[in-house]
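Trainee: If you scroll down you'll find the structure; I have some questions about it.
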Amino acid sequence: MPKRKSGSKIKSGGAITKSSNNNVKRTTDNNKNQSNLQLGGVAGFIAVATALVWNRLGGNSGVDINSNINSNIIIDASDLLQRVQKSSSFELKHNRTLIATENIPSQTVLMELPRELMIWDLDAVRNEFIREEILMTTIPGTVAKRAALLSAYLALLRNDFSADHDLQLQTSVAKQVPSYDEYKTFHPVLASIEQMELLLGNHSPAFRDLLVLRQSLNNEYDSFIASSDKFASLVSREDYLSCRLAVQSRAFQIPGVLPESEIPKSEQEHYSETIQLDFTNDGVLSIEIINDWMNSHINNNVMVGGYDAVKRRGRAWSTKAIQPGQELIMDYGRFHDYVLFGQYGYVPSDGTGVTITSVAAYHNIIDDDLPDLEQMMPYLQFDHGYPECIEKELHPAAFRLKELKSRYLREIAIDSSRWALPLPPRLTTDVTPPSTTILPDDYTVPSFGTEVYEFLETHGLSISLPCRLVTLTEDDLDNAEDFLLKDIETLEKAPSPLDTPTLQLEELQVSPAWMIRTIHCLRMMASAQKDMYTTTIESKTREIMTLARDGKSNTLEFNAAHVMLGEMQSLEALETWALDVLQSVSGMEGLSPQELYVRSEPC
């Protein structure tokens, strides 16, 4: 790791200020901090409705898709592209990627997709089979329910469940969705648990998130087949999972108010009363297969969005000039690398994604339920600030305080904003890569620069509450027991463990000695997690470069290696910053050795 530019000086510790970028995306549907759509247990993306009949960029005119559209059945992806393409300026490659063949000026309208080529969750709930068989199935969470119903409908269409002529076009579109076998070649959700544990480690946040996601998606299918034997006979688990992955990674939300021309008021009232879904005000979830032909990068050159309810079309346009040979790239949204990995099956190999550092060394912060008290006790095994290890009979006051600390830790255990901090990207650039699937000849593995330490200088203490609590002694705070009890009461009365107010302990001005012990704890928690990996940053870097040289940059192994590397680098950044702070205040006058007593080994 590069050296920090300057040391941090501690005089006293002020209030904990949470970073505005300090919310870790969770796999549950009840995260009020998450601004982006979550699909089926993993963060999904709200990119506006999209994609779209290709507009003419000049030259030969294309096929008019509006001519007898419902009587034409789509044979394959190339056939679909031929029907909608109105430009000779790009082509579809074998790996579902669009490549420019001519110069495409910025702000060129590229696509306009008719409603007939979109498959909405509204279509799903209107379908007679869905209504009769699985509509009333309990799926926890509104967003997950909508995604599950759309996935079930997509699987039914793909399996030719109906001979209804009106469904033929949607059926032919659904057949273009990637198959289970295609997803299994690269998507971590379909890999075995044993393989993912080997690639990531069972302590990895990405691995834990995958376990939650896998269980969530399989639970949805189990609920559907429990509701309907007919559905079970028409759709296998593999059918459902492949369509579910397509929805969570390729569906777009068309936000905003839908007019009565799309959904009459009486129909919406029925859905509101029976299944508690509001299409009128919340919009719809839409599968548009053309979106499968564009990969994602934060520096996209194509924007998708907007649905014209009068023309019943969406559109996409270029946001930058695109040169021949360059890939047409959209932006799925701002997500942490482990979310991109679990949801889409990839991470940006150039380091433009967001990684997370954490002090959650001994429990899972993305669980849905609060842990047992015993699970939080490892955080208290060092008895920092006490020259002697705490024993109930010998140190009754310290023992009572320790019991309160364990209760307090449990109440904040799944509030990720108090444990985990998203770090700035390892690479900041406004350059759009020519390709998301082909590495450049001069490719190097991303790493943090000194900027990460400047970020931690400002934001590092935003996740110091657990360590502030762990290192508290009776000497640091008058009436410490009463103080903690008030915060615990506040937490217990909160509407949700994820929706709690600022706590007294976060607002408190602390002494230099207490702050130094807190920083020491931060370093220990980062180091403990990093040591859980069975490899080193240097070794993982060499592994990634070997995979890249062997042409395996689009594999599950390559992306998993990047996820692990990002986790390790992020923990090392926190560890190095904390160590540098401690070194900068060593020898501070006015502090006794007893005040600064910390342990590296548990009691």
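The values are calculated or read from the model by the stated rules, or taken from the named source; none is laboratory data. It should be emphasised that the depicted structure is a prediction, and the values quoted were computed from it without experimental measurement. Cβ atoms come from the backbone with ideal geometry, glycine included; neighbour counts cover every protein chain shown. SASA here: full protein model, heavy atoms, side chains in, ligands and nucleic acids out. Shrake-Rupley method; radii C 1.70, N 1.55, O 1.52, S 1.80 Å.
Trainee: Kindly check whether there is at least one residue in the stretch 523-539 that is over 29 Å from the mean Cα position of the chain (by Cα) and open to solvent by 10 Å² or more (accessible area, probe 1.4 Å).
Mentor: Scanning the stretch 523-539, I find no residue that is over 29 Å from the mean Cα position of the chain (by Cα) and open to solvent by 10 Å² or more (accessible area, probe 1.4 Å), so the answer is no.
Trainee: Limited to the stretch 466-492, what total is found for residues that are part of a helix (DSSP H, G or I) and either within 24 Å of the chain's Cα centre (by Cα) or of a type in the set (S, T, Y) (or both)?
Mentor: 2
Trainee: Take the residues of the stretch 431-460 that are among the aliphatic types (A, V, I, L, M) and in a loop (DSSP other than H, G, I, E, B): which is farthest from I537 (Cα to Cα)?
Mentor: In this case the residue turns out to be V431.
Trainee: What residue, of T450, T432, is touching a strand residue (DSSP E or B) at 6+ places or on another chain (Cβ under 8 Å) and open to solvent by less than 50 Å² (accessible area, probe 1.4 Å)?
Mentor: Of T450, T432, the one residue that is touching a strand residue (DSSP E or B) at 6+ places or on another chain (Cβ under 8 Å) and open to solvent by less than 50 Å² (accessible area, probe 1.4 Å) is T432.
Trainee: Looking at the stretch 460-480, can you tell me whether even one residue there is under 25 Å from Y362 (Cα atoms), open to solvent by 50 Å² or more (accessible area, probe 1.4 Å) and in contact with an Asp or Glu (Cβ under 8 Å, 6 or more places away or on another chain)?
Mentor: Looking for residues that are under 25 Å from Y362 (Cα atoms), open to solvent by 50 Å² or more (accessible area, probe 1.4 Å) and in contact with an Asp or Glu (Cβ under 8 Å, 6 or more places away or on another chain), one finds none in the stretch 460-480, hence no.
Trainee: Select, from Y379, Y408, the only residue that is among the hydroxyl-bearing types (S, T, Y), assigned to a helix (DSSP H, G or I), open to solvent by less than 50 Å² (accessible area, probe 1.4 Å) and touching a His at 6+ places or on another chain (Cβ under 9 Å).
Mentor: Only one candidate qualifies: Y379.
Trainee: Within the bounds of the stretch 191-204, is there any residue that is within 30 Å of A361 (Cα to Cα), part of a loop (DSSP other than H, G, I, E, B) and of a type in the set (S, T, Y)? Spell out the reasoning first.
Mentor: At the first step, the residues of the stretch 191-204 found to be within 30 Å of A361 (Cα to Cα) are 191-204.
Of the ones still in play, those that are also part of a loop (DSSP other than H, G, I, E, B) are 191-192, 201-204.
Filter again for of a type in the set (S, T, Y), leaving 192, 204.
Checked against the condition, which is being within 30 Å of A361 (Cα to Cα), part of a loop (DSSP other than H, G, I, E, B) and of a type in the set (S, T, Y), the stretch 191-204 yields at least one hit.
Trainee: Can you spot a residue in the stretch 524-541 that is in a helix (DSSP H, G or I), over 28 Å from P348 (Cα atoms) and either at pLDDT 95 or above or not aliphatic (A, V, I, L, M) (or both)?
Mentor: Yes; the residues of the stretch 524-541 include at least one that is in a helix (DSSP H, G or I), over 28 Å from P348 (Cα atoms) and either at pLDDT 95 or above or not aliphatic (A, V, I, L, M) (or both).
Trainee: Another one. Please work out if G345 is open to solvent by less than 30 Å² (accessible area, probe 1.4 Å), at positive phi and within 27 Å of the chain's Cα centre (by Cα).
Mentor: Yes, satisfied.
Trainee: Quick check on the stretch 176-192. Is at least one of its residues without any contact (Cβ under 8 Å) to a residue 60 or more places away in the chain and closer than 30 Å to I414 by Cα?
Mentor: Within the stretch 176-192 (the criterion being without any contact (Cβ under 8 Å) to a residue 60 or more places away in the chain and closer than 30 Å to I414 by Cα), the answer is yes, since at least one residue qualifies.
Trainee: To continue, here is another question. With E567, E575, E589, E506 as the choices, which residue is among the acidic types (D, E) and part of a loop (DSSP other than H, G, I, E, B)? Reasoning before the result, please.
Mentor: Working: E567 fails: part of a loop (DSSP other than H, G, I, E, B); E575 fails: part of a loop (DSSP other than H, G, I, E, B); E506 fails: part of a loop (DSSP other than H, G, I, E, B).
Only one candidate qualifies: E589.
Trainee: Within the bounds of the stretch 583-595, is there any residue that is without any contact (Cβ under 8 Å) to a residue 40 or more places away in the chain, open to solvent by less than 30 Å² (accessible area, probe 1.4 Å) and either in contact with a Leu (Cβ under 6 Å, 6 or more places away or on another chain) or not hydroxyl-bearing (S, T, Y) (or both)?
Mentor: No, the stretch 583-595 has no match at all.
Trainee: When you go through (1) out of contact with any Lys or Arg (no Cβ under 8 Å at 6 or more places or on another chain); (2) open to solvent by less than 50 Å² (accessible area, probe 1.4 Å) one by one for R315, which number turns out not to apply?
Mentor: The one condition R315 does not meet is (2).
Trainee: Just to be sure before I move on: is S496 closer than 16 Å to P593 by Cα and among the small types (G, A, S) in the structure I sent?
Mentor: So S496 fails the test.
Trainee: Pairs needed: first member in the stretch 95-121, within 20 Å of P433 (Cβ to Cβ); second member anywhere, surrounded by fewer than 16 Cβ atoms within 10 Å (Cβ to Cβ) and of a type in the set (K, R); C-beta distance under 8 Å; at least 6 residues apart or different chains.
Mentor: I99/K93
Trainee: Go through the stretch 169-185 and give me each residue that's outside any loop (DSSP other than H, G, I, E, B) and not hydroxyl-bearing (S, T, Y).
Mentor: L169, Q170, V173, A174, D181, E182, K184 - these are the residues of the stretch 169-185 that are outside any loop (DSSP other than H, G, I, E, B) and not hydroxyl-bearing (S, T, Y).
Trainee: Could you check R426 against (1) of a type in the set (D, E, K, R); (2) in a helix (DSSP H, G or I); (3) crowded, with 20+ Cβ neighbours inside 10 Å and say which number it fails?
Mentor: (2)
Trainee: Looking only at the stretch 245-293, how many residues end up being charged (D, E, K, R), in contact (Cβ under 8 Å) with a residue 12 or more places away in the chain and assigned to a loop (DSSP other than H, G, I, E, B)? Can you show your working first?
Mentor: Of the stretch 245-293, the ones charged (D, E, K, R) are 250, 260, 262, 265, 267, 269, 273, 278, 282, 288, 292.
Pick out the ones that are also in contact (Cβ under 8 Å) with a residue 12 or more places away in the chain and you get 250, 262, 265, 282, 288, 292.
Applying the additional criterion that residues be assigned to a loop (DSSP other than H, G, I, E, B) yields 262, 288.
Looking only at that region, the number is 2.
Trainee: Which residue pairs have Cβ atoms under 6 Å apart, sit 6 or more places apart or on different chains, and have a first residue in the stretch 566-579 that is under 17 Å from R468 (Cα atoms) and a second that is open to solvent by 10 Å² or more (accessible area, probe 1.4 Å) and at pLDDT 95 or above?
Mentor: Note: pairs meeting the criteria are E575/R523; E575/S527; A578/R523; L579/R523.
Trainee: Within the stretch 103-154, which residues are open to solvent by 30 Å² or more (accessible area, probe 1.4 Å) and either hydrophobic (A, V, I, L, M, F, W, C) or closer than 16 Å to I254 by Cα (or both)?
Mentor: Matches in the stretch 103-154: V109, E112, E116, F129, M136, T142, V143.
Trainee: Shifting gears a bit: If you scan the stretch 481-490, which residues turn out to be farther than 15 Å from K402 by Cβ and open to solvent by less than 10 Å² (accessible area, probe 1.4 Å)? Let's see the steps before the verdict.
Mentor: Filtering the stretch 481-490 for residues farther than 15 Å from K402 by Cβ gives 482, 486-487, 489-490.
Of everything in the stretch 481-490, just one residue is farther than 15 Å from K402 by Cβ and open to solvent by less than 10 Å² (accessible area, probe 1.4 Å), namely D487.
Here's the yes/no breakdown for (1) small (G, A, S); (2) within 21 Å of H187 (Cβ to Cβ); (3) surrounded by fewer than 19 Cβ atoms within 10 Å (Cβ to Cβ):
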{"position": "D229", "(1), (2), (3)": "no, no, yes"}
{"position": "A232", "(1), (2), (3)": "yes, no, yes"}
{"position": "V247", "(1), (2), (3)": "no, yes, no"}
{"position": "I254", "(1), (2), (3)": "no, no, no"}
{"position": "E260", "(1), (2), (3)": "no, no, yes"}
{"position": "D282", "(1), (2), (3)": "no, no, yes"}
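Trainee: Still on this structure, please answer the following. Does the stretch 409-419 contain at least one residue that is at positive phi and either in contact (Cβ under 8 Å) with a residue 12 or more places away in the chain or of a type outside the set (S, T, Y) (or both)? Outline the logic, then answer.
Mentor: Just the residues of the stretch 409-419 that are at positive phi, to begin with: none.
No: zero hits.
Trainee: Another one. Farther than 24 Å from C389 by Cβ, under 23 Å from the mean Cα position of the chain (by Cα) and in contact (Cβ under 8 Å) with a residue 12 or more places away in the chain, is that true of V563?
Mentor: yes
Trainee: Given the options E112, E128, E102, name the one that is more than 29 Å from D209 (Cβ to Cβ) and in contact with a Lys or Arg (Cβ under 9 Å, 6 or more places away or on another chain).
Mentor: E112
Trainee: Oh, and also: From D166, D222, which residue is part of a helix (DSSP H, G or I), out of contact with any Ser or Thr (no Cβ under 9 Å at 6 or more places or on another chain), surrounded by fewer than 16 Cβ atoms within 10 Å (Cβ to Cβ) and touching a residue at least 60 places away in the same chain (Cβ under 8 Å)?
Mentor: D166
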